[in-house]
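The values are calculated or read from the model by the stated rules, or taken from the named source; none is laboratory data. Computed from a prediction, not measured in an experiment: that's the story for all the values here. Here Cβ is always computed from backbone atoms with ideal geometry, including for glycine, and neighbour counts include all displayed protein chains.
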Amino acid sequence: MEHRKLVAGNWKMHGTAQSIAEIVQIAAAVPRGVDVVLCLPATLIERAARAVPGFTIGAQDVHIEAAGAFTGDVAAHQLHDAGASFTIVGHSERRDGHGEADAVVAAKAIAAMAAGLEVIICVGETRDVREAGRAVVTVSAQLDASLTPIPPTAVAYEPIWAIGTGLVPSLQDIGDMHAALRERLVAAYGEAGARVRLLYGGSVKPGNAAEIFAIPNVDGALVGGASLTAADFLPIVEAAAAA
């Protein structure tokens, strides 16, 4: 099944009020035929939503609960209220750095959907797992345990060892993983699983975007550092539009 490409930028812990100008520049230059979302720090979501009405702004994480004594956390409905319409859940930097298990990721996705947010669920393996030849079975199991009763908008495959390192799996490895993930999604959701967009993430740059987007079952990208500036991000978006 052919999918309209989705390119999501994950700004992580970057960006201040001065960054709004960059967001405006990106939003103004998105070509037709591709969907784009910028997942911003919570401090920028409302300002960005006001600056670029109609452009899709996302969050990077949500809390499981809708309210309560959770100092420093942000609920899904609060992010929606601020102007977000998407969120990432289960990024490896949350799974590893904050000890988030698959069940927590699934619960966050459920909470986000209940608040009206579209969800990108992240999965990925370590270098040790890849070198042991267990990448596909490990990531497939991670996906199965992270899924929700309602299909997410997207699943992002990000090999942990490729995030921010400049290292990228072979095109064959990416294709094999995405094919396996598509199989798991169809097994979980039937025809609806074929409509979930599969994104690749991990050192996606203007120089390699076109060849990655040409791989079967790669329906877009989750972009980290290269999403911080229009100069780096827009060529990736344009490659997706042309794919």
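Assess whether Pro216 counts as being in a loop (DSSP other than H, G, I, E, B), more than 23 Å from Trp11 (Cα to Cα), touching a residue at least 24 places away in the same chain (Cβ under 8 Å) and more than 17 Å from the chain's Cα centre (by Cα). In short, yes.
Looking only at residues in the stretch 219-239 that are more than 15 Å from the chain's Cα centre (by Cα) and assigned to a helix (DSSP H, G or I), the one that is surrounded by the most Cβ atoms within 10 Å (Cβ to Cβ) is Ala239. Could you check the stretch 190-243 and list, in sequence order, the residues that are of a type in the set (Ser, Thr, Tyr) and at pLDDT below 95? Ser203 - this is the single residue of the stretch 190-243 that is of a type in the set (Ser, Thr, Tyr) and at pLDDT below 95. Please go through the stretch 75-101 and pick out each residue that is of a type outside the set (Gly, Ala, Ser) and either within 19 Å of Leu167 (Cβ to Cβ) or within 16 Å of the chain's Cα centre (by Cα) (or both). Correct list: Phe86, Thr87, Ile88, Val89, His91, Glu93, Arg94, Arg95, Asp96.
Against the test of being of a type in the set (Gly, Ala, Ser) and in contact with a Lys or Arg (Cβ under 7 Å, 6 or more places away or on another chain), the options Ala154, Ala214 yield a single qualifying residue, Ala154. You will find that of Ala21, Ala27, the residue that is outside any loop (DSSP other than H, G, I, E, B), more than 16 Å from the chain's Cα centre (by Cα) and free of Cβ contacts under 8 Å to residues at least 12 places away in the same chain is Ala21 and no other. All told, Glu46 falls short of being at pLDDT 95 or above, among the charged types (D, E, K, R), part of a loop (DSSP other than H, G, I, E, B) and over 21 Å from Val7 (Cβ atoms).
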